[in-house]
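*Asks:* Before I ask anything, let me first share the structure, which is written out below as C-alpha cells.
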Amino acid sequence: MTKNEILEKIKNLYKKYVTNSTNPAWLKQKPEFFEYNPVAALEETQLLKNTIVSDTANHFEKVLDIGSGKGILCMTFSDIAKEIIGLEPDKDAREIAELTKEYFEKNNIKFIDGIAQKMPFENETFDLITSTSTLEHIEGTQNVIKEIFRVLKPGGYFYLNAPNYLWFREPHYMLPMLPLMPKIFLKIIARTTNRNPKYINHIRYLTPRFLCKILKSEGFTIKNISLESMNNTLFRNNVLNKNFIKKNVLRFLKLTKLNYLLYLFFKLTAIYPHIIIIAKK
C-alpha cells in the first residue's frame, strides 16, 4: 500500500474503533472524535517524550508501553530506544497500531496482546515502562504495580500518567463531577446528557495519595511531577494550547496574578487534573 492508502485505512479503522467503543449518540455531537491523524498525534506526543526523558534518560534498550492503544507513544520513542513493545488487549487498536507502524516505517516496535495484571515477560526485561491514561481502566492496581516492578530492570523507570479523581471533571465522559463522586450520581449525569453510562463501572477512581502509597509499598522510589506540569501551564508563556477558551483563561489568570493562588490551591489540596509520576526501581 502507498502512504496515502495506509493513512486512509487508518482513518477508516479509527472511525469504526471509536464508534464501537463509545456512545454513538454522544459522538454525533462531537464529529472531531471520528477524525484521527497519526502525523499530528506523533507531533503532540513529542512533548510527553521530552518530559519523560528529562527525568529519566535519553536512550533505552527496551521500552514497554502498557495499554499502547493506537501505538503512537511507541512511535515517539522509536528514535531513542533499541526495542519497543506495546501491550494492548484490544484487537482493533492493535490493527491501527500495526498500520501506523507501517506508515512511519518503524522496524523496532512490536505490538502484542496481553494484560497488565499478568504480563508475558521475564523478570527484569525493560529499562522503561510507560502507562498513560490506562491504569484507571485496569482492575487490581496493586497487582499491576507489582507486575511492573517485576519486569522492570533494577534502576529502571516507570512513567505513570493517569486522571486524578479528586478533580472536578471526569475526562472520559467530559462530565463535571465532585471529587470521588459516587458512581450512581455520575451515571445520572451521564444519562441526562445523552451519554452511555455503562463504562462508569469500568473506571477506577485514582488519587495521588493512593498511587504513591502503592508504588512505595512495592519498592519504588517516586517523584510526583504533577505540580511541575501545572507550573509549566500556569507560568510559562511558551506553553501551547490549541483550545481558544483555555488559552484565554490562562491569559486572564496570568494578567490578574491569580495563577499564583491557583497553584497554591493545587499544592495544598492535591486537586489537579492529572497524576504524573516518575517511579524508579
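*Asks:* Could you check Asn259 against (1) free of Cβ contacts under 8 Å to residues at least 40 places away in the same chain; (2) part of a loop (DSSP other than H, G, I, E, B) and say which number it fails?
*Replies:* Asn259 satisfies every listed condition except (2).
*Asks:* Can you find even one residue in the range 146-157 that is among the small types (Gly, Ala, Ser), open to solvent by less than 60 Å² (accessible area, probe 1.4 Å) and either under 30 Å from Ile6 (Cα atoms) or assigned to a loop (DSSP other than H, G, I, E, B) (or both)?
*Replies:* no
*Asks:* Here's another thing I want to ask about it. Which residue pairs have Cβ atoms under 6 Å apart, sit 6 or more places apart or on different chains, and have a first residue in the range 162-188 that is touching a residue at least 40 places away in the same chain (Cβ under 8 Å) and a second that is open to solvent by 60 Å² or more (accessible area, probe 1.4 Å) and part of a loop (DSSP other than H, G, I, E, B)?
*Replies:* Final answer for the pair search is Tyr165/Leu180.
*Asks:* I've got another one for you. Conditions: (1) modelled with pLDDT of 95 or more; (2) open to solvent by less than 20 Å² (accessible area, probe 1.4 Å); (3) over 17 Å from the mean Cα position of the chain (by Cα). Trp26 meets all but one. Number of the miss?
*Replies:* Of everything listed in (1) modelled with pLDDT of 95 or more; (2) open to solvent by less than 20 Å² (accessible area, probe 1.4 Å); (3) over 17 Å from the mean Cα position of the chain (by Cα), Trp26 misses just condition (1).
*Asks:* Just checking, does the range 41-49 include any residue being buried (at least 21 other Cβ atoms within 10 Å of the Cβ) and under 19 Å from the mean Cα position of the chain (by Cα)?
*Replies:* no
*Asks:* Looking at (1) on the phi > 0 side of the Ramachandran plot; (2) open to solvent by 60 Å² or more (accessible area, probe 1.4 Å); (3) of a type outside the set (Ser, Thr, Tyr), which is the one condition that is false for Gly219?
*Replies:* Only one criterion in (1) on the phi > 0 side of the Ramachandran plot; (2) open to solvent by 60 Å² or more (accessible area, probe 1.4 Å); (3) of a type outside the set (Ser, Thr, Tyr) is unmet by Gly219, namely (2).
*Asks:* Is it true that Arg209 is open to solvent by 80 Å² or more (accessible area, probe 1.4 Å), out of contact with any strand residue (DSSP E or B) (no Cβ under 6 Å at 6 or more places or on another chain), part of a helix (DSSP H, G or I) and in contact (Cβ under 8 Å) with a residue 12 or more places away in the chain?
*Replies:* yes
The values are calculated or read from the model by the stated rules, or taken from the named source; none is laboratory data. Being a predicted model, the structure only gives us computed values, none of them experimental. Neighbour counts run over all protein chains shown; Cβ positions are idealised from the backbone, glycine included. Ligands, DNA and RNA are excluded from the accessible area calculation, which covers all protein heavy atoms including side chains. Shrake-Rupley method; radii C 1.70, N 1.55, O 1.52, S 1.80 Å.
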